[in-house]
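Take a look at the structure below.
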Amino acid sequence: MPRREIEGGWIKGWTDRKRPEQLEFKDRDDRTVFATSPITALEGRITPTDYYYVVNQLGAPELIHPDEWELEIAGVVDSPIKIGLADLKKLPPRTVRAVTECAGNDTMYFDYLHKNGYKPSLLGPAKGGKGLEAIPATGMVSAGEFAGVSLRDVLALAGVRPEAVAVRMQGADRGKPDMALVKGSIGDKNYVVKDPGVINFDKGLPIEKALEIDTILAWSMNGEHLHHIHGAPVRAVVPGWSGNWWVKWLSEIEIMDRMPDCYHQTEYFVMGDGPDDPNLAPCMAMGVKTLILDPLDEDSPLTSGSHAVRGLSWSGEGAIEKVEVSADGGATWSEAQVEESHDRWMWVRWTWVWDVDQPGQYQLMARATDEHGRLQPQTKPNFQRKHFDGIIPTDIEIV
Ligand SMILES: Nc1nc2c(c(=O)[nH]1)N[C@H]1C(S)=C(S)[C@@H](COP(=O)(O)O)O[C@H]1N2
Ligand SMILES: [Mo]
């Protein structure tokens, strides 16, 4: 295996380990508008804020001063209110550690596994790749610690009426969705995406999920104030549900007695066999997912002997109970050592020691089971290619 470069970065004046590289897309003013997380180069469970992925569907709004921020709560409530940050902070605190994953993370693997196509690299952008192909697989997932208050405590101030079925959360960002991006993510050139024109980003969260204690409004991420690009002053954190529910730059909440017709809920971020599927439904809880992050395809060949196989597993419905690894392409499975965790919405790290003597070509696979007994994968291929949770094999030659 080639020795990976160590020295290279300067950190607070000292030469140090080379820092991971992140793929960032910038606007004309050199501001990041979209970024992937260099997940294969990170350790531990919290993604440093600088390395968190970023997705903006409509472009980002201008800075909102926290002292001027006000959240309006109206709709089917006893008394509509407006609340500022100072009053939000009077409610009982709730800190949640959770994985944020974009519904379109790893979307290309649906084609690889189900259409026998090109295998994307976990390590970095495909050489010469354009558009979505240039995005490293798995770059749109991160995990952080978010501090704020339970949404249910905030809603109680206005008094939710019994007929409520949805909590429509609206962001301050306003613009036109980039149809090229939407089409690229769906991966079907012929699919005609409805153009909604200029809209605000909004989502109508079903009331049951909205009232869960860990669904929070957060003003802090990873121990500091939320950065503007991640939705400051206040964003929603909806653990287990894909990133699109985690509304950033929250400005309005409307309690509704029916499901709203939000573009990013009924047109985009929907699951089904095709746009006319009678059972078309919004992407909600994520499945069960595992990534082998060490070794990677690019580490092949390895010498015979003993190797640590390591990775991360998480579930959209709670804690991971078990992780299994196979070194023979899925014929036999053994249990990995999974770290103990008290954060049910976090991913867990796991290790499995692979003792291998025989030279040859091997396929490593890993799969997880969550606390509800859900075994990976849970999500069927679907026309918008959302919530990929299939088993991605790692191909290793032993010499
Ligand atoms: N207001 C607003 N909130 C938003 C979005 C957006 O475009 N506007 N993008 C969503 C999507 S698709 C994802 S995956 C997450 C990404 O959160 P992050 O950029 O903080 O990682 O934010 C969600 N919240
Ligand atoms: Mo997303």
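The values are calculated or read from the model by the stated rules, or taken from the named source; none is laboratory data. All figures in this text were calculated on a predicted structure; none of them were measured in a lab. Here Cβ is always computed from backbone atoms with ideal geometry, including for glycine, and neighbour counts include all displayed protein chains. When the accessible area is computed, the model is the full protein with side chains, heavy atoms only, and any ligands, DNA or RNA have been set aside. Shrake-Rupley method; radii C 1.70, N 1.55, O 1.52, S 1.80 Å.
Looking at the calculated P(r) for the range 288-398, what percent of the C-alpha pair distances fall above 19 Å?
44 percent
If you keep only loop residues by DSSP, which chymotrypsin sites (Phe, Trp or Tyr not before Pro) in the range 22-73 have at most 14 other Cβ atoms within 10 Å of their Cβ?
none
By DSSP, what percent of the beta bridges with both residues in the chain are antiparallel, rounded to the nearest 5?
95 percent
Can you tell me the relative contact order of the range 288-398? Whole percent, Cα pairs under 8 Å, sequence separation 6 or more.
Once normalised by length, the contact order is 36 percent.
How big is the charge dipole of the chain about its Cα centre, in debye rounded to the nearest 20, if each Lys and Arg gets +1 on its Cβ and each Asp and Glu gets -1 on its Cβ?
Dipole magnitude for the chain comes out near 400 debye.
Please grab the % of Cα pairs in the chain that end up more than 31 Å from each other.
39 percent
On a C-alpha basis, how far is the centre of the range 31-73 from the centre of the range 249-297 in Å? Whole number, if you could?
So the two Cα centres are separated by 19 Å.
Which is farthest toward the positive dipole end of the chain among Leu364, Ala308, Leu85, measuring Cα position about the Cα centre, with Cβ charges +1 (Lys, Arg) and -1 (Asp, Glu)?
About the Cα centre, the residue reaching furthest to the positive side is Leu85.
List the aspartates and glutamates whose alpha-carbon lies under 18 Å from that of Lys189, not counting same-chain residues fewer than 8 positions away?
Asp111, Glu133, Asp178, Glu267, Asp273, Asp276
Would you tally the net charge around Met346, using a Cβ to Cβ cut-off of less than 11 Å, leaving Met346 out, and scoring K and R as +1, D and E as -1?
So the surrounding residues net to +1.
What is the percent carbon and sulfur in the accessible area of the range 288-398, measuring with a 1.4 Å probe over the protein chains and ignoring ligands?
Whole-percent figure for carbon plus sulfur exposure: 45.
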